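Below is one structure; the comments refer to it alone.
The values are calculated or read from the model by the stated rules, or taken from the named source; none is laboratory data. None of the values given here were measured: they were computed from a predicted structure. Don't worry about glycine lacking a Cβ; one is built from the backbone with ideal geometry, like all the others, and counts go over all protein chains shown. Side chains are part of the model used for accessible areas, which takes the heavy atoms of the whole protein and leaves out ligands, DNA and RNA. Shrake-Rupley method; radii C 1.70, N 1.55, O 1.52, S 1.80 Å.
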Amino acid sequence: MIYTVTCIAILIVMIIILVRAFCGPSIYDRILAVNMFGTKTVLLIAVYGFLIDRPEFLDLAIVYTLINFIGIVCVLNFIERVERMEDEEEHS
Amino acid sequence: MSGIFFAVTSAVGLFRLPDFFARVHAAGIGDTVSAALIILGLMLNSGFTLISIKLFYILFLLWFTSPISSHSVVKAARHSGLEPFLVEKEKTNRKTD
């Protein structure tokens, strides 16, 4: 029962994070929101694995933690490169 | 005794409700602390087996990656000229002085 409640709570938090991802005035707010969404996904996988009484889902959680981190670092690199190119175009 | 143990683990463990306050601070703390609480709760509920070692590993990874991500986002935002409120107020104060 408590696993169900935790799953529902994590889902509510994920919806709020998605609202922030749509609203957020700057792009960095949205990046932060997507990062949080990934972390909450990991937690949801872990708790859901316990709910289904099949704790092998934890391996998926480990993999997705790493994938989320690498994805966020790549997105930040990409944005930095795009902004640097835009700055060079403005100056030249 | 085992009844008390289970009641305590079910009640104390699995607390959730990550906090919602001002953005970057919230994201960093919310990620780190809520992940810690949820995973510690799950660990309490499953005893000392391979499962809890895997959960500890997840927690370890999350604790290292989420501060790094938050810091990188803030650094990138500063680098691209996104200044917080207070810095602009300080600049206007110095000009009037």
_Members of the range A:1-33 that are closer than 22 Å to A:Leu58 by Cα, open to solvent by 60 Å² or more (accessible area, probe 1.4 Å) and within 10 Å of another protein chain (Cβ to nearest Cβ)_ = A:Met1, A:Ile8, A:Ile12
*Select from the range A:41-69 the residues that are touching a residue at least 40 places away in the same chain (Cβ under 8 Å) and at the interface with chain B (Cβ under 9 Å from one of its Cβ atoms) and write down the one among them that is surrounded by the most Cβ atoms within 10 Å (Cβ to Cβ).*
A:Val47
